[in-house]
Amino acid sequence: MAHHTMEEDLNILEMNTEHCNNSNATCAKTAPPPQEQNNLTSSTLTKKCSFLVTKLHCQRLRSFTANLKEVVFGTKLAVLFPAVPLAVFADFYGLGRPWIFALSLLGLTPLAERVSFLTEQIAYYTGPTVGGLLNATCGNATEMIISLLALHQNKVNVVKLSLLGSILSNLLLVLGSSLLCGGLANLRKEQIYDRKQADVNSLVLLLGLLCHLLPLMFRYALAGEYHSIATGTLQLSRASSIVMLLAYAGYIFFQLKTHRQFFDAQEEDENEEEKAVIGFWSAFTWLVGMTLIISLLSEYVVATIEAASDSWGISVSFISIILLPIVGNAAEHAGSIIFAFKNKLDISLGVAMGSATQISMFVIPLSVVVAWIMGIEMDLDFNLLETGCLAFTIIVTAFTLQDGTSHYMKGVILFLCYIIIAACFFVLKTPLISKYKSVYSNA
C-alpha cells in the first residue's frame, strides 16, 4: 500500500479543491437561469398538448370516416342516397309535388335498410333481450312514422292502406321471393325449417284477422240501425286494439324469454360469425339522425301522395298498398332473400312473418289508440275487399308453411298471389273507392 508524506497529501488536497471549483464554474456556465428553465418547460408542454389535440382530431376524423364508409356506403342501395338532398331541394324551391313524392320515396329506401342495420349493431352491445325489443320496435320504423304523420294530417285511409299493404308485402312478396330464390339456389337440397316458429306466427296473425273481421261483420249486422253503426264499430275497434297490444306483449315475452329456442336456433350460429363493425354510441347517433331524416321524407310523402296519384293516373290505394310497403320493407326483403340463398329458411321466416306479425298486432292497434288520443276516429274496419285480401293472404301462407319443407313452387304461388292483388288495386281507381264505400255504407 502506497504511503504519502504530509506535503504530498497537501498537494493532492489542493489539486482536488481546484478541480471541484473548476467543475462548479463549468456547471454554472452551462445551466440556464431559472426563468429560462420555466420557459422551456411551458414550451414543451404546449407542443405536447398541440400534438395530443391534433392526434385526437385525427382519430375522430378517422373514426367518422370509417363509420361513414360502413353506414352510408356499406349497402348497394347507397346509389339512392342522393335522392334525399334532391327531395329537400325540390321542396325548398317549390318543384312539382309528384317529383317531391318520387324523390322522397327513393330516398326512404336506403334509409329504411340502414336503420335495420344500425339496430342490429346496437343489439350486439345491449344483449339479446333488449336487442330483440329494439329490433321489434325499429324494424318497421318507416311504416310507423308514415302512419303517425298521416294521422296528424287526418289521412286515416292512407294509414289503413299502407299498413295493410305492409302485411301483404311481407307475407306474399318478401316470403314468396325468399322461397322462390332459395328453392332455385338449392335445387338439389331439401329445404327444411322448424314449423314451431311458423305455427306461432300464423296463430297470432289469425287472431289479428279476427279483430279485423269483427268490425266488418258488426257493420253488416247493424245495417238497419244507421245511427249506431259508426259508434259501435269504433268502440269495438278500440277494445280489440287493446286486446291486440296485450297479445303482442305476450308474443314478445314468449319469443324473447320462455321459448326463445323456437326463434333463433339457426340465428345463434349466424351471430357467432358476425361482430359489430361500429361502436354503440356511433350507431345510436347515426340511428337518431337517420330517423329524423326518415321523418322529414315521410312528411313529404304523406303531403304529396294525392298530387302524385292525380299526376300519374295511379290510385291512392295502389300507391299506399303496393309502393309504400315495398319501400318500407326493403331491409326485410333483402335480408330474407340472402338467408334463403344460404338455406337458412328459419331466419327468412322469422324476418318476413315476424315483421308481418308486428304490423298486424302492434303498429295497427297502436295507430288506433294514438288516433283515439288525438281525437281522430280510426277503426279496424278495412272494408270488404281489403279485409278479404288480408284473410286470403294469411290463410294461404299458413297452408304453404304447414309441412316444414319448401321448394321454389311455393314461392311462385305466393309471388303470383301478390301480383294478382296488386293488379286488383291498380284498376281500383280512387273515384271507385268513394263509390265503393258509399254503396256498402248504405247496405
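The values are calculated or read from the model by the stated rules, or taken from the named source; none is laboratory data. Owing to the predicted nature of the structure, the values given are computational and were not obtained by experimental measurement. We place every Cβ from the backbone using ideal geometry, glycine too, and count neighbours over all the protein chains shown. When the accessible area is computed, the model is the full protein with side chains, heavy atoms only, and any ligands, DNA or RNA have been set aside. Shrake-Rupley method; radii C 1.70, N 1.55, O 1.52, S 1.80 Å.
Within segment 73-86, residues that are under 16 Å from Phe117 (Cβ atoms) and open to solvent by less than 30 Å² (accessible area, probe 1.4 Å) sit with their Cβ atoms under 8 Å from residues that are modelled with pLDDT of 75 or more and part of a helix (DSSP H, G or I), at 6+ positions apart or across chains, in these pairs: Thr75/Pro110; Thr75/Glu113; Thr75/Arg114; Thr75/Phe117; Ala78/Pro110.
Candidates are the residues of segment 414-443 that are over 13 Å from Cys389 (Cβ atoms), buried (at least 16 other Cβ atoms within 10 Å of the Cβ) and among the hydrophobic types (A, V, I, L, M, F, W, C); the one that is modelled with the lowest pLDDT is Ile433. Looking for something farther than 20 Å from Met378 by Cα, more than 16 Å from the chain's Cα centre (by Cα) and modelled with pLDDT of 80 or more - is there at least one such residue anywhere in segment 161-168? Yes; the residues of segment 161-168 include at least one that is farther than 20 Å from Met378 by Cα, more than 16 Å from the chain's Cα centre (by Cα) and modelled with pLDDT of 80 or more. Could you tell me whether any residue of segment 339-355 is in contact with an Asp or Glu (Cβ under 9 Å, 6 or more places away or on another chain), closer than 18 Å to Gly208 by Cβ and of a type in the set (Ser, Thr, Tyr)? Yes: segment 339-355 contains one or more residues that are in contact with an Asp or Glu (Cβ under 9 Å, 6 or more places away or on another chain), closer than 18 Å to Gly208 by Cβ and of a type in the set (Ser, Thr, Tyr). Being buried (at least 24 other Cβ atoms within 10 Å of the Cβ) and assigned to a helix (DSSP H, G or I) is the requirement here; does Ala356 meet it? Spelling it out, Ala356 is indeed buried (at least 24 other Cβ atoms within 10 Å of the Cβ) and assigned to a helix (DSSP H, G or I).
Within segment 78-100, the residues that satisfy the criterion of being under 20 Å from Asn140 (Cα atoms) and in a helix (DSSP H, G or I) are Ala78, Leu80, Val84.
Condition check: closer than 17 Å to Leu172 by Cα and under 14 Å from the mean Cα position of the chain (by Cα). Does Ser355 satisfy that? Taking the combined requirement at face value, the residue satisfies it.
Among the conditions (1) surrounded by 16 or more Cβ atoms within 10 Å (Cβ to Cβ); (2) touching a residue at least 24 places away in the same chain (Cβ under 8 Å); (3) over 16 Å from Val158 (Cα atoms), Ile338 misses just one, which is (2).
From the set of residues in segment 123-143 that are crowded, with 23+ Cβ neighbours inside 10 Å and in a helix (DSSP H, G or I), which is modelled with the lowest pLDDT? Top of the filtered list is Thr142.
Annotation: of all residues in segment 178-205 being within 23 Å of the chain's Cα centre (by Cα) and open to solvent by less than 10 Å² (accessible area, probe 1.4 Å), the one that is farthest from Asn140 (Cα to Cα) is Leu179.
Regarding Leu287, is this residue assigned to a helix (DSSP H, G or I), over 30 Å from Ile192 (Cβ atoms) and open to solvent by 20 Å² or more (accessible area, probe 1.4 Å)?
Against the criterion (assigned to a helix (DSSP H, G or I), over 30 Å from Ile192 (Cβ atoms) and open to solvent by 20 Å² or more (accessible area, probe 1.4 Å)), Leu287 does not qualify.
If you check Ser295, Ser309, which single one turns out to be in a helix (DSSP H, G or I) and open to solvent by 20 Å² or more (accessible area, probe 1.4 Å)? Reasoning before the result, please.
Working: Ser309 fails: open to solvent by 20 Å² or more (accessible area, probe 1.4 Å).
On inspection, the qualifying residue turns out to be Ser295.
Take the conditions (1) open to solvent by less than 40 Å² (accessible area, probe 1.4 Å); (2) in a helix (DSSP H, G or I); Asp381 misses just one of them, which is (2).
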